[in-house]
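The numbers here are math on the coordinates, done by the rules we state, and not lab data. Everything quoted here is computed from the prediction, not taken from an experiment. Cβ: placed from backbone, ideal geometry, glycine included. Neighbour counts: every protein chain shown.
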Amino acid sequence: MFNTIRFSVVIPLYNKEATLLRSLQSVANQTRAAFEVLVIDNGSTDGGPALAQAFGNNVRLLNIPERGVSHARNAGIAAAQGQFVVFLDADDSWETTFLAKLEALITDFPNAGWYALGYAFKWGDRLQRPKHPGLRQFSRGYVPNYFATVARGDMLATASSVGIPAEICQKTGGFAIGESIGEDQDLWARIALQYPVAFDSEILAYYHQDAANMATKNKVQPDVWPFIPRINALATGHPQQAEVQRYLARQLVGQSSQLIVTKNYSAARILLKHPLAAQEGVRFLYWKLRAWLKL
């Protein structure tokens, strides 16, 4: 039984002292009240935990052993007292109306498994909106086909733009432990296989591209991301199986392109041999040619 707290804001923390204040202040500035803030310190060695503890404004600091971002987010889910769990990375931020707009989305579309508000990549004062070709005439509501949307464009959500009913978080088991890449996409997909997704395209969350953070946000993993075979198996026999596989193909080719840019051609060629990859069509052929020619 959850109490009257509407939102539990979960902020995983690992050596983000330089940006944590920006994130915490963006939460404190929210126009929507009735929320708690859980900062889950994951073994930081800088002053971030002390900053969180001194901040006040409904902030609770939880210290856990260093076991990765999924473990930190799951610890936040377990400690959450709110009806909805909302995630914010310690180097990202929100507009002041983020929680108010999330509340409105929940009220108007109560059957969703998760809710997302628009986000943008941010370099200082420069913004870049993600591309969603499948939603050109869409601004707010239940997404007609989540997997078809992300198969044709960028991800609909980041880990700093999503709210999930606490009961669904717990029922699905949260984020995959030990996975630092694709762990958020995995949870979004597992829930989207069972529930509709609600989205408001207004840009209210910022995925900051600070130079100090890029090393952790742009890891290039040579092996197939673990969520790809897992979601492929879960989608077997699902009405959207074809769209799911096209979405997974897009992720495989995207991962391969990152490897090619970093000149890891042999790993890219292995990924491009995956049975799903060819479903990306022309994009698959382009990166396959580059991988074999080492361009």
Please report, in debye to the nearest 20, how large the charge dipole of region 103-213 is about its Cα centre when each Lys and Arg carries +1 at its beta carbon and each Asp and Glu carries -1 there. 400 debye
Give me the one-decimal nm value for the distance between modelled label points at Ala78 and Arg140, 7 Å along each residue's Cα-to-Cβ direction. 3.8 nm
When only C-alpha pairs under 8 Å and at least 6 residues apart count, what is the relative contact order of region 7-217, in percent? 27 percent
Between Val9 and residues 5 or more places away or on another chain, which pairs have amide H atoms under 5 Å apart, with H built 1.01 Å from N, and which residues are they? Glu36, Val37, Leu38, Val86
Average silhouette area of region 1-86, convex hull of alpha-carbon atoms, in square nanometres: 5.2 nm²
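Treat every Asp and Glu Cβ in the chain as -1 and every Lys and Arg Cβ as +1, leave all other atoms uncharged, and give the resulting dipole magnitude about the Cα centre to the nearest 20 debye. Display every interim value, and only then the final one.
Working: 29 positive and 24 negative charges, 236 e Å.
Around 1140 debye, computed over the chain.
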Using alpha carbons only, how many degrees (0 to 90, rounded to 10) separate the axis of helix 69-79 from the longest principal axis of the chain? 40 degrees
Whether the chain is rounded, prolate or oblate, judged on the alpha carbon gyration tensor where a/c under 1.5 counts as rounded: prolate
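Before anything else, pin down the relative contact order of region 133-260: Cα pairs under 8 Å, at least 6 apart, normalised by residue count, whole percent.
Values: 99 pairs, mean separation 46.3, N = 128.
Result for region 133-260 is 36 percent.
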Set the Förster radius R0 to 25 Å, insert the Cβ-Cβ distance between Gln241 and Ile64 as r into 1/(1 + (r/R0)^6), and round the FRET efficiency to 0.05. 0.10
Taking Cα atoms, how many degrees apart are the long axis of helix 183-192 and the longest axis of the chain, rounded to 10 and kept between 0 and 90? 90 degrees
Using +1 at the C-beta of Lys and Arg and -1 at the C-beta of Asp and Glu, which of Leu117, Val143, Leu99 has the Cα lying farthest in the positive direction of the dipole of region 62-175? Val143
In order over region 244-261: 3J(HN,Hα) from phi, Karplus 6.51/-1.76/1.60, θ = phi - 60°, whole Hz, x for each Gly or Pro, gives 4, 5, 5, 4, 5, 4, 4, 5, 4, 5, x, 5, 4, 5, 5, 5, 5, 4
Fewest-first ranking of Arg129, Arg290, using other Cβ atoms within 10 Å as the exposure measure: Arg129, Arg290
Among Ala267, His208, Thr158, whose Cα sits farthest toward the positive end of the charge dipole of region 150-295 (+1 at Cβ of Lys/Arg, -1 at Cβ of Asp/Glu, about the Cα centre)? Ala267
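How much net charge surrounds Leu38 when only other residues with a Cβ under 13 Å from its Cβ are counted (Lys, Arg +1; Asp, Glu -1)? Provide the component values of the computation, followed by the final result.
Details: positive: Arg60, Arg73; negative: Glu36, Asp41.
That sum, taken over residues with Cβ under 13 Å, equals 0.
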Computed lengthening from Leu289 to Val220, 0.36 nm per intervening residue step minus Cα-Cα distance: 22.9 nm
Surpassing 29 Å at the alpha-carbon level, of the pairs Lys131/Lys273; Lys16/Lys273; Lys101/Lys131; Lys16/Lys101; Lys16/Lys122; Lys122/Lys273, are Lys16/Lys273; Lys122/Lys273
Trypsin sites (Lys or Arg not before Pro) within region 134-204, DSSP loop, no more than 13 other Cβ atoms inside 10 Å: Arg136
